[in-house]
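The next block holds one structure in the form of structure tokens; read it before the comments.
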Amino acid sequence: MNLFTHFRDQIAELITELAQAGELPEGLDTSRITVEPPRDASHGDVTTNAAMLLAKPAKKSPRDIAALLAAKVEGLAGVTGVEIAGPGFINMRVGTDFWQARLRDILDAGTAYGDSAAGADQKVNVEYVSANPTGPMHVGHARGAVFGDALAALLEKAGYDVTREYYINDAGSQVDVLARSLHLRYLEALGEDIGEIPEGLYPGDYLVPAGKILANRDGDKWKDADEADWLPVIRDFAIDAMMDMIRDDLAALGVKHDLFTSERTLVQGGKVDEALDFLKEQGLIYEGILEPPKGKLPDDWEEREQTLFKASAFGDDVDRPVAKSDGSWTYFATDMAYHLDKYRRGYADMIDVWGADHGGYVKRMNAAIKALTGGEGVLDVKLCQMVSLMDNGEPVKMSKRAGTFVTLRDVVDKVGKDVVRFIMLTRKNDAGLEFDFTKVQEQSKDNPVFYVQYAHARVNSVMRMASEELGAGPISDDAIHGANLGRLMDENELALIKLMSQWPRIVESAAVQHEPHRIAFYLGELAAEFHGLWNKGNKDKGLRFIISDDQELTLARLAMIRGVANVIASGLKVFGVTPVEEMR
RNA sequence: GCGCCCGUAGCUCAGUCGGAUAGAGCACCAGAUUCCUAAUCUGGGGGUCGUGAGUUCGAAUCUCGCCGGGCGCACCA
């Protein structure tokens with residue numbers, strides 16, 4: 001259970017009771033009341049701002065309301081002390097048996113601890129990665145991939161019905177370039193000397209194997225054919241080959257999708273016409289001429305009439321073109337159709353994970369969603385900032401031309417998927433992230449992955465030691481579940497249990513805010529609390545987890561640290577990181 | 001020129017839909033190992049939260065101006 005929402009509900013009831021008794025006005029808005037852990041532990045275990053928020057509408061002083069409420073709060077189950085502090089905070093202390101019961105919850109739930117029904121099975125669509133199918137994924141893609149994957153898992157844990165989606169940009173001119181690039185590699189495979197890859201085509205040698213496969217399959221069928229004949233065939237072949245490669249890269253990183261949606265299929269299925277017709281009916285599409293951008297003019301600027309979407313009526317700065325001069329749709333037009341399609345598939349809640357270089361695109365997409373869904377659809381675009389690759393404090397130089405281009409696969413092969421995933425999630429998405437090859441492989445507390453993993457491994461290490469010490473074979477789950485948790489009375493132990501008890505609240509708030517990084521910080525905190533308690537055992541032997549002449553207490557403490565391992569494993573599961581049993 | 005994001009300790013960053021004396025790690029200084037992994041821990045110094053106003057019981061958080069940095073700015077995706 002989330003103990004804060006638990007008390008929040010109870011306090012809301014008390015307010016209703018007070019209203020019925022005539023002590024407070026009826027119908028007060030309690031929705032903005034928060035119940036949280038106080039910043040300073042000396043203020044107790046749980047605090048609420050209820051009195052201060054109700055002061056104005058109830059026309060009483062915060063302290064008076066606090067006094068009324070405090071008298072009632074004192075009677076709540078688990079509450080052992082209530083104080084009114086500062087401008088009107090109501091601080092509560094909660095008894096040891098309450099905390100022991102929370103540990104019981106954790107042990108019973110296992111890694112399911114923290115699962116929440118807050119999302120109420122609401123459908124959410126998370127679109128992430130969506131890298132163009134023109135080459136292997138590079139490190140920049142990894143961040144968005146991991147972020148989207150973890151956000152999806154987090155939302156699932158918080159009770160949302162999540163679909164993970166990949167949008168394949170296979171309709172623009174870049175896939176024609178891909179096809180021409182592959183055609184060259186195909187000629188090469190047939191034994192022709194193709195020389196240097198011309199400017200404007202993709203030079204990467206990742207197309208070489210695909211060229212060979214194509215040559216084997218089709219022989220010299222396309223050798224002297226017109227481009228108009230071979231382009232569609234080779235394009236399809238190339239896109240499939242690139243998507244296979246991307247899927248392999250994603251699999252190496254442990255990133256999964258439920259659904260791959262093709263832009264080309266949308267266009268061919270008439271979805272863009274449908275979306276545009278829908279907007280036309282509302283008079284939101286027109287032929288017009290855009291003002292040139294202020295300041296520096298693009299070199300090739302020319303005034304021309306275009307088909308425009310009235311984005312400015314929905315919060316965008318200017319209206320946006322939907323058709324190119326050759327008559328094909330702009331990327332924006334197909335993207336509108338795609339989002340309308342998602343909405344019509346039942347996703348009023350959409351999350352897109354994009355690279356920061358697409359930031360200028362957010363407003364127009366939000367404008368489009370408003371127009372297309374009549375304000376019913378909500379899009380949250382999460383922009384992931386750049387990852388700077390470092391090696392021992394020095395920037396890693398990358399150049400596509402020199403071939404020192406670091407692919408996602410290179411990074412995963414070098415440091416492992418768990419490290420890549422965790423590090424990518426240690427920063428807010430809109431903050432830049434430094435990824436230092438040397439640091440992330442270090443086994444020290446500078447390295448957050450290691451630090452958290454070590455705490456989990458340490459629990460297991462203690463379990464192994466305890467088995468030997470107690471001489472009764474491995475500690476069974478039954479023994480842990482049968483432990484007398486009433487023996488956990490020390491303030492250090494209770495502090496650890498209190499921190500563990502925050503996990504459900506962390507999950508809910510991180511899910512609602514779409515901020516998986518909060519979990520990384522929480523896990524670091526929990527690991528620190530655990531390592532701290534472990535070390536206290538050095539100074540004070542009475543605080544060690546294993547007390548050889550008190551089996552009951554030992555089992556209780558083992559149950560407690562099993563709880564720590566459960567919570568860490570529960571968090572790492574959201575991140576898609578495997579908890580380790582042993583450090584090597 | 002316009003839009004979006006960012007500005008918190010020497011460095012890297014947290015900071016709960018506005019809450020109490022602004023936190024953590026690194027670095028620096030001083031300590032802890034007959035002991036469950038010292039791969040760890042304890043303590044200390046270090047801040048006009050870029051800046052100036054406003055909103056209110058209360059602002060790092062919300063609003064506006066300014067300064068500094070990143071990204072983007074018609075027919076690319």
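Every read-out reported here was derived from the displayed coordinates using simple, explicitly stated rules and does not represent laboratory data. Model, not experiment: these values are computed from the prediction. All Cβ positions, even for glycine, are placed from backbone atoms using ideal geometry, and neighbour counts span all protein chains on display.
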With 10 Å bins from zero, work out the P(r) of the range A:3-94 over every alpha carbon pair and list the percent per bin. 18, 57, 23, 1
Loop-only trypsin sites (Lys or Arg not before Pro) in the range A:1-62, please: DSSP not H, G, I, E or B, and at most 15 other Cβ atoms within 10 Å. A:R32, A:R39, A:K59
Could you give the angle, 0 to 90 degrees to the nearest 10, between helix A:62-73's Cα long axis and the longest principal axis of the Cα atoms of chain A? 70
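Report relative contact order for the range A:3-94 in percent, whole number only (criteria: Cα-Cα under 8 Å, sequence separation at least 6). Spell out each step's value before the answer.
Details: 138 pairs, mean separation 23.2, N = 92.
Computed value for the range A:3-94: 25 percent relative contact order.
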Name the long-range amide H neighbours of A:Y166: under 5 Å, sequence gap of 5 or more, or other chain; modelled H, no Pro or chain starts. A:L259, A:F260, A:T261
For the range A:50-69 and the range A:423-487, distance of Cα centres in Å: 44
Nitroxide proxy distance, nm - points 7 Å out along Cα→Cβ at A:Q513 and A:R63: 3.3
So what's the gap between the Cα centers of the range A:114-149 and the range A:531-574, to the nearest angstrom? 35
Excluding A:I90 itself, what net charge comes from residues whose Cβ is under 13 Å from its Cβ, given Lys and Arg +1 and Asp and Glu -1? -1
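Please give me the summed charge of the neighbours of A:G148: other residues whose Cβ is under 14 Å from its Cβ, Lys and Arg +1, Asp and Glu -1. Each step should come with its number before you reach the end.
Numbers: positive: A:R143, A:R164, A:K256, A:K382, A:R421; negative: A:E127, A:D149, A:E156, A:E165, A:D258, A:D352, A:D380, A:E515.
The answer is -3.
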Counting other beta carbons within 10 Å of each residue's own, what order do A:E291, A:E13 fall into, fewest first? A:E291, A:E13
Computed over the Cα atoms of the range A:381-471, what is the convex hull's projected area averaged over all directions, in nm²? 8.3
The range A:430-584: relative contact order in percent, alpha carbon pairs under 8 Å with at least 6 residues between: 36
Relative contact order, percent, of chain A when contacts are C-alpha pairs under 8 Å separated by at least 6 residues? 16
Given H placed 1.01 Å from N in the peptide plane, which residues other than close sequence neighbours of A:K123 have an amide H under 5 Å from its amide H? A:D161
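Give me the net charge of A:I33's neighbourhood, meaning all other residues with Cβ under 13 Å from the Cβ of A:I33; Lys, Arg count +1, Asp, Glu -1. Please report the intermediate quantities before stating the final value.
Details: positive: A:R8, A:R32; negative: A:D9, A:E13, A:D29, A:E36.
Around A:I33, the charge tally is -2.
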Roughly how tilted is helix A:362-373, in degrees to the nearest 10 and between 0 and 90, from the longest Cα axis of chain A? 90
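Based on DSSP, what percent of beta bridges with both residues in chain A are antiparallel, to the nearest 5? List each step's numbers first, then the result.
Details: 22 of 46 bridges.
Antiparallel: roughly 50 percent of the beta bridges in chain A.
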Arrange the following residues from fewest to most other Cβ atoms within 10 Å of their Cβ: A:K417, A:K256. A:K256, A:K417
